[in-house]
Each structure stands twice: as structure tokens, then as C-alpha cells.
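As C-alpha cells, the structure follows; a few thoughts come after it.
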Amino acid sequence: MTIHEQLATAFGIGRTPYTPGTAASLVAVIVAVPILYFLGWLAILALALAATAVGVWVSEVYALDIGKYDPQECVIDEFAGQWLTLALAGLGAYLEGEPVGLVGYLLAFLLFRLFDIAKPWPISKAESLKGGLGIMADDVAAGIVAGVVVFLFTQSGFL
């Protein structure tokens, strides 16, 4: 297995037979919990940006190698998008002087999956980009939208 295939499929998580995107998002949350707790929201933001940058390259190479436009098993985009959501959730919690709680993690996970699957505008527009950028852009957009919603819930006192 090539390095771009390993990274694009998140070391095989994308090969999960049922709902690989949801499986990848769940693993992304599990990875993020200790990072947010010990290192804070900026560390998750940095991780999300790195996953996005690497993801554009590896997802494009992987998609070209197997001859599919947006392969289902390519889930590095779920990691990037979910981590963006969690970075904004972490920022909201930080501004409130609290860690992200269980409800915050759950809401971040559910909203990211909702926006990633439903793809309302402008998320659907981002999906129309070509190559690795298009593979990554809709999940990044979904992550930002979901993150803003969680951030607003945190700032309004609902979380």
C-alpha cells in the first residue's frame, strides 16, 4: 500500500464496510479528545489544517490511481472537517473558560455528519471543485459550518 493510499484511507479506516465517513469522523473525535484537553483548540486547528493540506494531495493521487472521482474509502477529508468543527467547539469552550463537554463533542460529531451528508449550500458548491481540492473542500466547508453552529451554541449558553 502506497503512502498516499494509507493517508487517504486513514490507514484503512476508509475501508470499513459500512459508513466509512461516519467511522472516520468518530475516530477523529476520539483522537481529538485528549489533544483538546491537554493542548487546546489551536492544536486541533493546526492538525485540521495539516490534514487539509496533505489531504488535497493524497486524495487526488489516490483518486487518479484507482480511477474514481471521489472514492468513498478516501476519508482524510472527514478527519480534516471533523477536526475543524472540534477546533471551533474548543475555541468556544475556551472563551467560556470550560473544556469541551460530552454534549459539545456529541453535537460537533452529529452536526458535522449532518452537514457533510446533506451538503446544503455553500457546502454543495465546494464539492464541485476538481481533483483533491474538490474531495477535501466539501468536508472542510461542512466542518466550518458545523463548527460555527457549535461555537454559537457555546457562546449563547446552550452548551
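The values are calculated or read from the model by the stated rules, or taken from the named source; none is laboratory data. Note that the structure is predicted; figures quoted are calculated from it, not measured. We place every Cβ from the backbone using ideal geometry, glycine too, and count neighbours over all the protein chains shown.
One residue alone among 69, 62, 18 is over 17 Å from residue 136 (Cα atoms) and of a type outside the set (D, E, K, R), and that residue is 18.
For residue 101, the requirement of being modelled with pLDDT of 95 or more and closer than 16 Å to residue 85 by Cβ is not met. For region 128-148, the set of residues classified as free of Cβ contacts under 8 Å to residues at least 40 places away in the same chain and farther than 23 Å from residue 92 by Cβ consists of 128, 129, 130, 137, listed by residue number.
If you go through region 41-67 and pick out every residue that is farther than 14 Å from residue 9 by Cα and β-branched (Val, Ile, Thr), you end up with 1. Annotation: of all residues in region 10-31 being in a helix (DSSP H, G or I) and hydroxyl-bearing (Ser, Thr, Tyr), the one that is nearest to residue 81 (Cα to Cα) is 25. Check whether at least one residue in region 32-41 is under 16 Å from residue 112 (Cβ atoms), in a helix (DSSP H, G or I), within 13 Å of the chain's Cα centre (by Cα) and of a type in the set (Val, Ile, Thr), and report yes or no. There is no residue in region 32-41 that is under 16 Å from residue 112 (Cβ atoms), in a helix (DSSP H, G or I), within 13 Å of the chain's Cα centre (by Cα) and of a type in the set (Val, Ile, Thr).
Among the helices (runs of 4 or more DSSP H) confined to region 43-142, the ones with at least 2 residues that are of a type in the set (A, V, I, L, M) and closer than 26 Å to residue 158 by Cβ are located at 76-95, 102-118.
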